[in-house]
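Every read-out reported here was derived from the displayed coordinates using simple, explicitly stated rules and does not represent laboratory data. Predicted model, so just to flag it, every value in this text is computed and none were measured. Note that we place each Cβ from the backbone using ideal geometry, even for glycine, and neighbour counts take in every protein chain shown.
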Amino acid sequence: MNAFKTYDESKAHEIVEGIYWVGFADRKAGFSNNPYILDDGEDVILFDPGSRAPEHFNIVKEKVCSVVEPERINYIVAHHQDPDICAAIPLFEEIVNPRVKIITPTRAAPFMRYYDSVSEVITVEDGEPFSLKSGRILTFVHTPYVHFAGSMVTYDEKTKTVFSSDIFGGFSIDWNLYANENYLEAFKAFTEPYLGSKLALDSALDKLETIAIERICPQHGSIIDKDIEIYMQAARELEVGTWV
Ligand SMILES: [Fe+2]
Ligand SMILES: [Fe+2]
């Protein structure tokens, strides 16, 4: 087994060099919340920090602090405005770099203040490459209405990793950090009720299919690091918007 795949869920876990899962599995709820850290040396990025409820936040904070000194975190990426992504931002603002910047889509940006966040917000355009100090490129791919008007995912060219936010998330009764044989069903159970538009989903998939992807790191559920084409195809076949 790949050494990177051996993990202890009570601790932070390095998925690939410099990228860490710092989340938690809420087994009672059959749900996980998956913030991630990307440590690129001079730049450290926290993706989708998550909940402010102490039973969630304290776990994430401890894991974050176990892999980086929190004051090194100079960017927080909020892929959209939902509370399971953003509620912890003000709590992290107390421990991260005081000049931290929040990167978010334009249509999500106004909501940051509603969380009492005080940091500078940077909005990014669709497909905009963002250079880190090392020269590493992150690309922000907008996925409008999947599932909020201002939604995006992040692509890290260096490791071919997509931080996919709610896309490819899952509800899980038998949660595992890495997608197992039951994850297609978990993915379907989460995604179908939470998406309203096939058109929007197809537009997001059209963009993702142009990218060479080795792993998908969603904000809920499990990391997909094999059979990516099978998941892409399954996403094409989802029945979304059926509650309308
Ligand atoms: Fe969401
Ligand atoms: Fe979410």
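Numbers at a glance
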| quantity | calculated |
| --- | --- |
| Ranked Ser117, Ser222, Ser197, criterion: other C-beta atoms within 10 Å, fewest first | Ser197, Ser117, Ser222 |
| Calculated FRET value between Ala29 and Glu125, using beta carbons and R₀ = 45 Å, to 0.05 | 0.80 |
| Length added when fully stretched, Val118-Thr210, from 0.36 nm per residue minus Cα-Cα | 29.5 nm |
| Cα-centred dipole magnitude for the range 3-236, charges only on beta-carbon of K, R (+1) and D, E (-1), debye, nearest 20 | 200 debye |
| Footprinting exposure proxy for Ile213, Ile173, Ile102 (fewest neighbouring C-beta atoms within 10 Å first) | Ile173, Ile213, Ile102 |
| Rounded FRET efficiency, nearest 0.05, which uses the C-beta distance separating Ile137 from Ser203 and R0 of 25 Å | 0.65 |
| Kirkwood-Stokes translational diffusion coefficient of the range 3-105, alpha-carbon pairs, 4 °C, 1.567 mPa s, µm²/s | 96 µm²/s |
| Stretch gain in nm, segment Glu94-Glu229, where the contour uses 0.36 nm per residue and the Cα spacing is subtracted | 44.5 nm |
| Length added when fully stretched, Glu17-Arg236, from 0.36 nm per residue minus Cα-Cα | 75.7 nm |
| Ranked list, fewest to most other Cβ atoms within 10 Å of each Cβ, for Leu91, Leu38 | Leu91, Leu38 |
| 9 Å beta-carbon shell around Glu120, net charge (K/R +1, D/E -1) | +2 |
| Alpha-carbon centroid distance for the pair the range 132-199 / the range 1-77, whole angstrom | 16 Å |
| Options Ser51, Phe92, Tyr114, ranked by Cα towards positive dipole end of the chain, top entry (Cβ charges) | Tyr114 |
